[in-house]
Every structure is written in structure tokens, then in C-alpha cells.
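To keep things clear, I will list the structure first and then write my remarks on it.
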């Protein structure tokens, strides 16, 4: 049963329309506290989430879906629709090189890490271009410097990375521990 | 009746989902010829438009609407949702100049007044722009002319102003006598 | 094999014959061309290729194969990153340490396997290499799915709002100024009369005659009736209203003063 059953039906329907519209119209995922600005009367977090689940259900047989990612809630086209969308825009974004992907993986699983840490694990020098590619995509950022000679920068992954991978938290990344067993 | 009735129901529903998703996911309005890329079998322009009208109907009670614009079809937030969307992106509301506010106050408290009356009270000339601003806002109107040289127009405030100030009658304006005491 | 046939091209240099005495299958050259990510990557490739155990590396074999590759790459005058040579030195060092007689074990001391560090690094690198592949396989925004953002119509023009407070402030400032200019007095007219004046003028906008009675709202109560009457007199005084009565006790008609039309 829905928890928003506590709200009058009319209000529920009105709030669902407002939430749906705001999430669709927002360029970034919408947080629960932003959603609270949309209701005239304050509603509880549980009621809000229950409305979101209902919107999710409303869309379950459609081509787009409401998803929760690291920085909030947003709509996305379901991956199986991509084949159609690609017909409109046949230019696929280029795939990242292995150097970029391995650097990203090391930052994701070992963060925060310095450039030196990355080089040690990969066994080769890391080019500035590789780091720049990831930074300009908004997937990694410098979150400080290490208290070591030269005060090297410490890199970490961003919420944007999680959002772009449709994840809510870093823990949802495939576990590297599991991979150990496969070795 | 719908013209797309010619298509089997299953196919209609499938195409509607694909069209809806593609238009929602497209950063630009989608043209009919782009939409033709989305169907595996060619369908007629009439069938296509009829599907679009059906999608329009599906959305008619929602906060987003499907509209045809010069360069194609797109979804947009309905204008009445703007107030909610603004809450997420609060901007400083624009303000009227002192000249506009004082002119409005004089008209409200001394109506009906001529431009000359306003100038006499304010001690400075009243620009046409000031009066035009208030007129186009629907807050003041000319209700006649005065029997005086040049037959100056007489301005009064409108019901719209009362509505916008949330007043039922002009008597509800704070009395200047009271205001003097507060000064 | 025909010595003149170009079998591969490495950085533009034609390769006409395969080097001898190498445990390298011909297709491995393509992988060379593909460029390994570094010496660890190359070692992992060799280990996987020859079903060696990453946890119990036969150093002699691995070192031989690694050096063979390095030699091949150098023969092709490929510029080798220093890391590759460093790794070669490390492999040789580990191999030679394995050849040395082991010192007798003491009861509480584990003798460290000279390969331990290399094996740890290989495992760690392989883990990240696989992690990178998994990351790449995950559906990615913009590549495998699209986020939805419905355009909001170009912002409706935001109109300034006026609060009662604003009007009050504006009028107070006017009163203040009026007080300073004592020769100019701002009187407050009975508002309701003023409003009623506007109201009457508005209801006469048509220009024709309207019956006197119709301008009064009997439901508004006595004060309202009086205010309406006073407003009418005020308008008549200002020639904004024309009041006609054709006979005594006859109907009274009102219309806009000719000047007010």
C-alpha cells in the first residue's frame, strides 16, 4: 500500500503532477529538499518518497523512467530505447581509451589517490591529458592535497560520475573484491 | 475518430511510446521526417500526426504538454507550472521604480486624477512611460476627461489592482492618516 | 616465408620477417601494435596467454618471454618507455634471487618470496584493469541512455509585484515631502467617495443616459447610498456628469458630462 494514502487523493494527484513536471523540467537531478519547496504545505519525507514511487509506477511501461541517482531524482530514457534514439543522432560519443578507463577505475576504487598512486598501480606514467579528460567530463575532481613532499593533489570521483552511471552511491559500483576471486 | 486507427493497436501503442520518448529525449524539436526514422515500417504523415495528437491527449491534464512549433514537435512545461519551477530557481523579482510606485499611490488615493494632478503632488513631471507601465499592467485606466483646458484624461485604478493586492475594495488601502501616525 | 612480403607494419616500418627463437605466436604482433598499457599489462598478457599461475609465477619462463618481447620491440626500433626496461631489470633480479640458496628458515620468521611484490602488483593491476572494463560496460549517460530534460518555455516575463506595503511606503514618502513643502497640502479625500466617483464614471462609459436610480445599489446599505450621492454631486460640480430632469418629480437621467466623454 502507498504511504501517501495519508494525503487526500486530490492533493496527491496535484503533487504528483507538480513533482513530475519539475523533475522533467530540471536540468539536474532534483533533491528531496528541493521537492519540498514545491509543496505549499510541508509533507513528510515518507509521503514524498511514496509519491515518487507512484510516479515510477505510472511510467513503468513507458520509454522513460524515473530513477534515483546520487544527486537526486531524474527521468531518463530506458536503455533499450537507445537504439531508436541513436537513429536520430547516429554520432556515438567516442569510447574512452584504456588508459582513461583504468585511471578512472583506480580513482574510483582507491580514492582519494595522488597521480603517483595511480602510476604505481598502473606501472606507467599517467598523462595530464588522461586526467584532463576525466576532469572535463566532470567525473573526477581534486579534493585536496596530500601531506607529502610536493603536496601532490588528491583525486576523487564526483557525484556526476555516479549520476552518469545511474548509481546512487559508490557502493553500487561492481565490487573489486569479487573480481579478485575471478583472477 | 483517430486516423491512426488504420494501424494495429499494438503497433500504435509501441509507436506512441517510441515517439514520446524520442521527443522527450531530444534537445531540439523533432521534425516529422526525423520521426520517420523511428518507425521500422514507413507510416503516412497522417498516421504520424494522428499518433502525435493522441500523445497530446494523453498529456492534457499534466504539467507538460506536447506542442508543435515552427521547427517540429517538442514537450514544454505549461505556463501555469512556471510559478512552481520558479521556486526551484528563485530569482530576485524585478521591482518598479519609485516614480511608478508613487504615481500608482497617487492614483489609488486621489482618483480620479489627471496627469497634472499627479505632477502637482509629486512635484516633478510624470513620464508617459510611467503611465504606460501601469496601464499595460492593467492597474490603471482612463475613465474620462476633465472639463479643463486641454481636456486632460482622468486616471483611476482598476479592479485588477485590487485583485493583485488581494483587496476587496479601495477602502481597505491603509489610510494615510494612520500612516502619518506611524511616521 | 617469403622475405619480401611485408607481414606487418609497426609505426610505419614494414616488418618483413618474424623474429626467430621467440615464443610469440604471429598474431601476438597485432597486440604489440595495439600497445600495452605498460609492463604490468604486458606481463599479465604473457601470464594469461601461457596459462601461467599469477600466484606462482615461473620466473625463468616469464622473464624469458618478457625479454623476448622487449627485444622484438627494440628491433623494430619502437620507442620503449623506461618502465619496460625497469621491469626487465626487476624480473632478472627476482629470477637471480630465486637461484640463490635460501637462508635456513628460523622458526618465527617467514622467508619472503622474492616474487611476492611482483605478484601483488600484478594482482592489483589486474583487478583495476578488470574494474575498468566493468566500468566501461556499465550503461553510461549519453552513450547508452539519455537523460530527459524538458525545455521550459523561454521564461515568461516576470512582472514586478507590488505589495500593499510598497504603496503605503510610496504614499508616506509623498506625505513626507508634502510636509516639507508646507504650501502644498495633500488632503486625503474620503476614499469611498473617490472610489465611487470612478465607479460612476466607469458605469457611464457607454455615453448614453442612465437612470439616476440605477447608479445606486440599495443592497449596499445607507452609507453606500450616501457616498454614491455625494460622489455624484462631486462629479457634477466638476462638470464630469450631466444630470437631467425633464419635469418636476420626473425621472432623473445621468450621463457623462460632454467634456468627460
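Residue-normalised convex hull volume from the C-alpha trace of segment A:1-78: 93 Å³ per residue. Distances between copies at residue A:94, taken between label points 7 Å from Cα along the C-beta direction, are 4.5 nm in increasing order. Summed over all non-identical Cα pairs, the Kirkwood treatment of segment A:1-139 gives a radius of 18.4 Å.
What fraction, in whole percent, of alpha-carbon pairs in segment A:66-183 exceed 16 Å separation?
Numbers: 4704 of 6903 pairs.
Roughly 68 percent, rounded to a whole number.
Show me, bin by bin at 5 Å from 0, the whole-percent P(r) of segment C:201-250 based on Cα pairs. It works out to 4, 17, 27, 27, 19, 5, in whole percents. Note down the relative contact order for chain A as a percent, whole number, built from C-alpha pairs under 8 angstrom at least six residues apart. Reported as a whole number, the value is 18 percent. Sorted shortest first, the separations between the residue A:31 label point and its copies elsewhere in the assembly read 4.2 nm; each point sits 7 Å from Cα along the Cα-to-Cβ line.
Residues of B:107-116, mean number of Cβ from any other protein chain within 10 Å of their own Cβ, rounded to a whole number? Kindly include the intermediate steps, with their values, before the conclusion.
Numbers: counts 1, 6, 10, 7, 7, 10, 2, 0, 0, 0.
Mean inter-chain Cβ contacts per residue within 10 Å come to 4.
Rounded to the nearest 10 degrees, the inclination of helix A:45-58 to the longest alpha-carbon principal axis of chain A is 90 degrees.
Each residue in B:140, C:92 was given a count of other beta-carbon atoms within 10 angstrom of its own, and listing them fewest first yields C:92, B:140. Taking a point 7 Å out from the Cα of residue A:53 in the direction of its Cβ, the residues of segment A:68-83 whose backbone N falls within less than 15 Å of it are A:68.
With the simple model of a label 7 Å out from the Cα in the direction of the Cβ, residue C:133 to residue C:202 spans 7.9 nm. Counting neighbouring Cβ atoms within 10 Å and putting the fewest first, the residues A:9, B:75 line up as A:9, B:75. Both the radius of gyration and Dmax for segment A:58-108 are 15.1, 42 Å, in that order, over alpha-carbon atoms. For chain A, the 222 nm mean residue ellipticity estimated from helices alone, with every DSSP H stretch of n ≥ 4 adding -39500 (n - 2.57) and the total spread over all residues, rounds to -13500 deg cm²/dmol. The fewest-to-most ranking of A:158, A:103, B:157 by surrounding Cβ atoms within 10 Å reads A:158, B:157, A:103.
Between segment A:73-88 and segment B:33-66, the alpha-carbon centres lie 17 Å apart. Peptide A:23-32 shows a mean partner chain C-beta count of 5 within 10 Å per residue C-beta.
Each value in this text was obtained by applying a stated rule to the coordinates, not by laboratory testing. Since this is a predicted model, take the numbers as computed values, not measurements. Every residue, glycine among them, receives a Cβ derived from its backbone with ideal geometry; neighbour counts consider all protein chains shown.
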